[in-house]
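Read the structure below first, then the notes.
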Amino acid sequence: MRTILLGPPGAGKGTQAETIVNEFSIPHISTGDIFRSNIKEGTTLGKKAKEYMDQGLLVPDELTIELVKDRLLQDDCKNGFLLDGFPRTIAQADALEDALKSMNQSLDCVINIVVSAELLIERAVGRRVCKDCGQTYHVKFNPSSKEGICDKCGGELLQRKDDTEETVSKRISVYQEQTEPLIEYYTNKGIIINIDGEKPIDEVSRDIVASLRSR
Ligand code: ADP
Ligand code: ADP
Ligand code: ZN
């Protein structure tokens, strides 16, 4: 299965990606995660990406598109993939389509997680991420059993630098301007699945898996 998770910052893309990739045994490709690991390792790409990410802006298409194209050529993507946080612009979506065409592939569907703007700030500001294994929690909606400690690996839970109220607001407006047009783009192609992302995490998971299975 070749699919994309679309949705505003804080909608639950990363959270749902975990269930989907386990269910369908496909790799999870998160451009945000790739940029963050480059920042951690201090690479040239990481240094460039950080300037944009810290401001809540999109990393330029030139840097992002090549990265994803290379990733899709790797062996583990042969039988499918889940893209999370890519594409985020029409130019990225066009480039993805061209890249897949040249590999004789196409997208099966696009999962659009719908959450109203009012809920997004609270979700993103309360997000905590394990510094060692990357597991995501929420202080109120999905807390770890011991405050500040990862249930999975015992690592320390941190807040992302771009998860402040100010930067999240900026990211939401960037989403509305540059990414939201993709909903129409994929609706016109007849491959969008709209999912109510305001329900509790496990209900959203169930809805997504059921929609994917019934296709
Ligand atoms: P995204 O990848 O779309 O930015 P995340 O999956 O990281 O979003 O989720 C953002 C925050 O909201 C996290 O702290 C997560 O635990 C929480 N969250 C995710 N889905 C839900 C949900 N359905 N209800 C309540 N909180 C959620
Ligand atoms: P969220 O799901 O909360 O928006 P991500 O982890 O997907 O967060 O992205 C974090 C940041 O990484 C974005 O605000 C942006 O700066 C950068 N980024 C991630 N994916 C892309 C992309 N496809 N194009 C441009 N920038 C991106
Ligand atoms: Zn952990």
Just one of the numbered conditions (1) over 17 Å from the mean Cα position of the chain (by Cα); (2) at pLDDT 95 or above; (3) within 16 Å of ligand 1 (Cβ to nearest atom) is not true of GLU62; which one?
(3)
From the residues in the range 139-164 that are within 16 Å of ligand 3 (Cβ to nearest atom) and under 24 Å from ARG88 (Cα atoms), which one is nearest to the chain's Cα centre (by Cα)?
ARG160
Do the conditions hold for ARG215, that is, is it open to solvent by 30 Å² or more (accessible area, probe 1.4 Å), of a type in the set (Lys, Arg) and in contact with a Cys (Cβ under 7 Å, 6 or more places away or on another chain)?
yes
Only listed residue being surrounded by fewer than 16 Cβ atoms within 10 Å (Cβ to Cβ), more than 21 Å from ASP132 (Cβ to Cβ) and either among the polar types (S, T, N, Q) or more than 10 Å from ligand 2 (Cβ to nearest atom) (or both), chosen from LYS69, LYS101:
LYS101
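Okay, residues lined up against (1) of a type outside the set (D, E, K, R); (2) buried (at least 17 other Cβ atoms within 10 Å of the Cβ):
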site	(1), (2)
ARG2	no, yes
GLY10	yes, yes
LYS13	no, yes
GLU23	no, no
HIS28	yes, no
THR31	yes, yes
ASN38	yes, yes
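The values are calculated or read from the model by the stated rules, or taken from the named source; none is laboratory data. Keep in mind the model is a prediction, meaning the values are calculated, not measured. Here Cβ is always computed from backbone atoms with ideal geometry, including for glycine, and neighbour counts include all displayed protein chains. Note: areas computed on protein heavy atoms with side chains; ligands, DNA, RNA excluded. Shrake-Rupley method; radii C 1.70, N 1.55, O 1.52, S 1.80 Å.
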